[in-house]
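Undergrad: One structure follows; several queries about it will come next.
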Amino acid sequence: MDPVSQLASAGTFRALKEPLAFLRALELLFAIFAFATCGGYSGGLRLSVDCANKTESDLSIDVAFAYPFRLHQVTFEVPTCEGKERQKVSLIGDSSSSAEFFVTVAVFAFLYSLAATVVYIFFQNKYRENNRGPLIDFIVTVVFSFLWLVGSSAWAKGLSDVKVATDPKEVLLLMSACKQPSNKCTAVHSPVMSSLNTSVVFGFLNFILWAGNIWFVFKETGWHSSSQRYLSDPMEKHSSSYSQGGYNQDSYGSSSGYNQQASLGPSSAEFGQQSAAPASFTNQM
């Protein structure tokens with residue numbers, strides 16, 4: 001039997017059945033999808049410039065761009081339709097800061113999720129041995145939740161700018177030849193942004209996962225146990241005082257009822273004196 005099967009049969013991976021480790025595994029997987037769909041992107045568009053003088057036309061102008069989307073560095077040449085001269089054109093915009101921040105958050109989230117999952121599976125006893133491990137885990141989870149929210153929002157805005165800057169209609173406006181009515185400029189192929197849209201979706205899904213995991217990590221910390229103890233102590237005191245009061249009241253009620261019965265009924269001495277009086281009177285007679 002291989003080592004993985006032995007560990008599985010021994011119940012080592014039972015931690016994955018708990019919400020804490022299961023969510024960490026999902027965070028690991030979703031982080032991979034997030035930085036792969038964004039950091040691995042490369043796309044392009046194709047334009048066509050049909051000049052009045054057909055010999056000057058260029059019907060296949062390819063414009064390629066990729067991560068990290070420094071579009072102002074993407075240059076290409078187009079005909080001017082005024083002889084053999086060509087115009088050098090560059091795209092507009094720079095979304096590298098938001099894209100790189102998003103990918104950086106995804107990579108570090110992947111690394112931390114991988115390390116945390118290994119700790120949950122193989123070193124769970126040491127993780128729960130003292131409160132330091134859960135506290136660090138809780139703080140890191142809160143920080144990554146915030147980073148995912150900021151990074152996904154920033155990248156969503158950056159992607160919107162990339163779509164505008166790479167829109168073929170907007171790119172055609174940068175060409176001097178397309179400003180002349182005698183020339184015909186068309187967009188042959190538009191860039192495909194489906195993977196970039198997917199990266200934004202995975203970014204917000206990661207935020208939901210990390211934010212939801214805050215509660216399960218918090219339950220492992222000493223803060224949660226101390227708060228539970230603080231809530232349980234007043235309830236125990238209240239229940240104990242109530243039981244003591246009920247006991248005293250019952251004992252007092254039983255003793256008072258006994259005294260009332262004793263005071264209402266005649267005592268044995270009085271009853272004996274009353275019964276002895278007629279007997280002495282008959283003896284005198």
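Undergrad: Once you place label points 7 Å from the Cα toward the Cβ at residue 130 and residue 86, how far apart are they in nm?
TA: In this crude spin-label approximation the distance works out to 6.8 nm.
Undergrad: Ok, one more. Calculate, for the stretch 167-216, the solvent-accessible area per residue in square angstrom, rolling a 1.4 angstrom probe over the heavy atoms of the protein chains. Please list the in-between numbers first.
TA: Working: 2670 Å² over 50 residues.
Roughly 53 Å² per residue, with all protein chains present.
Undergrad: Next question, about the same structure. Given R₀ = 41 Å, FRET efficiency for residue 53-residue 164 by Cβ-Cβ distance, to 0.05? Before the final figure, lay out each step's value.
TA: On the way: r = 32 Å, r/R0 = 0.79.
For residue 53 and residue 164, the calculated efficiency is 0.80.
Undergrad: A further question follows. Just to verify a number: FRET efficiency for residue 204 and residue 179, C-beta to C-beta distance, R0 = 41 Å, to 0.05?
TA: Working: r = 41 Å, r/R0 = 1.00.
In this case the efficiency is close to 0.50.
Undergrad: State the Cα centre-to-centre distance between the stretch 78-93 and the stretch 136-150 in whole Å.
TA: So the separation of the two Cα centres works out to 47 Å.
Undergrad: If you take the charge dipole of the stretch 92-190 about its Cα centre, with +1 on Lys and Arg Cβ and -1 on Asp and Glu Cβ, which of 99, 143, 182 is farthest toward its positive end?
TA: 182
Undergrad: Next up: Ranked highest first by the average count of other Cβ atoms within 10 Å around their residues, in what order do 174-180, 84-90 fall?
TA: Put in order of decreasing packing, that is 174-180, 84-90.
Undergrad: Between residue 188 and residue 157, how many nm apart are label points set 7 Å from Cα along the C-beta direction?
TA: Spacing of the two 7 Å Cα→Cβ label points: 3.7 nm.
Undergrad: So, one more: If you place +1 on the Cβ of every Lys and Arg and -1 on the Cβ of every Asp and Glu, how big does the dipole about the Cα centre of the stretch 60-165 come out, in debye to the nearest 20? Numbers along the way, then the final one.
TA: On the way: 9 positive and 9 negative charges, 62 e Å.
Approximately 300 debye in magnitude.
Undergrad: Okay, next question. If R0 is 30 Å, what FRET efficiency do you get for residue 66 and residue 140 from their C-beta distance, rounded to 0.05?
TA: Details: r = 31 Å, r/R0 = 1.05.
E between residue 66 and residue 140, to the nearest 0.05, is 0.45.
Undergrad: By how many nm would the segment from residue 104 to residue 77 grow when fully extended, if each residue of separation counts as 0.36 nm and the alpha-carbon distance is taken off?
TA: Working: separation 27, 0.36 × 27 = 9.72 nm, distance 3.34 nm.
Result for the pair: 6.4 nm of gain on full extension.
The values are calculated or read from the model by the stated rules, or taken from the named source; none is laboratory data. Not measured: the values here are computed from a predicted model. In this analysis, Cβ positions are derived from the backbone assuming ideal geometry, glycine residues included, and neighbour counts consider all displayed protein chains. In case anyone asks, the SASA skips ligands and DNA or RNA and just uses the protein heavy atoms, side chains included. Shrake-Rupley method; radii C 1.70, N 1.55, O 1.52, S 1.80 Å.
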